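A quick write-up on the structure given underneath.
Read-outs: derived from the displayed coordinates by stated rules, not from any lab. Bear in mind that the values here come from a model prediction, so they are computed numbers and not experimental data. Cβ placement follows ideal geometry from the backbone for every residue including glycine, while neighbour counts extend to all protein chains displayed.
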Amino acid sequence: YRLGALSVMDRVPRRLEPEQLDALRALGRQAVAQLEIRRQVRELDRTLAEVARAEDALRRTMTGALTASEAQVRAIVENVADGFVTYGEGGAIEIYNRAAERLFGYPPSHVVGRSIEMLVPGSIGDLKDGFHAEAEGRRADGSRFPIDLAISEMCEGDRHTFIAIVRDVTATRQTEPRASPSTTRSRRSSRPSAAPWAGAARPSGASRARRR
């Protein structure tokens, strides 16, 4: 469709040569092409602006969802009954929940960023994925106590995070020696007793004869 007219003026009347007419036609086509390009650029700018607004809205939604999810996970971790500690490949502690604080006596500000060996003395190389055994924990006052320690590994790309679940087994240790004798007595008492007639004298032959 036509967008307008292209006029060429001169000081004196003259007839245009075929080459000049071709040049004017080419110039007209270029002008139309430039106008079309400008229109497409304006439409593209509007589209990009709409995409940017949509991305911004999506980003806000995702950020809100992630924040809510992180808050929920944090609340769960903080209310777990067992000690929950995470640390990186170098051993630096990242998460330290309230149960762990009660177990070890250190406030989070004294633990986060420090080595896991601060809480579990020994070689960090032994604390690998799948480790689950009784170990020794160290409290803030320097005292040692037995713990049940389970380690699992979480990978996010090239980043490796280790999760330690810690449980104080001091009470179990203290009850085990007392439980053994009672268990032994219980086992002994559960054995079947001798029959009431065991060891009783059998009637003699004379007695049997008199009964007859």
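Restricting attention to the alpha-carbon atoms of the range 18-79, what are Rg (one decimal) and Dmax (integer), both in Å?
When restricted to Cα atoms, the range 18-79 yields Rg and Dmax of 26.4, 90 Å.
Roughly what would the spin-label model give for H132 and L35, points 7 Å off Cα along C-beta, in nm?
If labels sit at H132 and L35, their model points lie 7.8 nm apart.
What order do you get for 79-88, 124-133 when each peptide is scored by the mean count of other beta carbon atoms within 10 Å, highest first? Intermediate values should be presented prior to the final figure.
Values: 79-88: 17.5, 124-133: 11.8.
Result, highest mean Cβ count within 10 Å first: 79-88, 124-133.
For E43, E78, what's the fewest-to-most ordering of other Cβ within 10 Å of each Cβ? Before the final figure, lay out each step's value.
Working: E43 10, E78 13.
Lowest count first: E43, E78.
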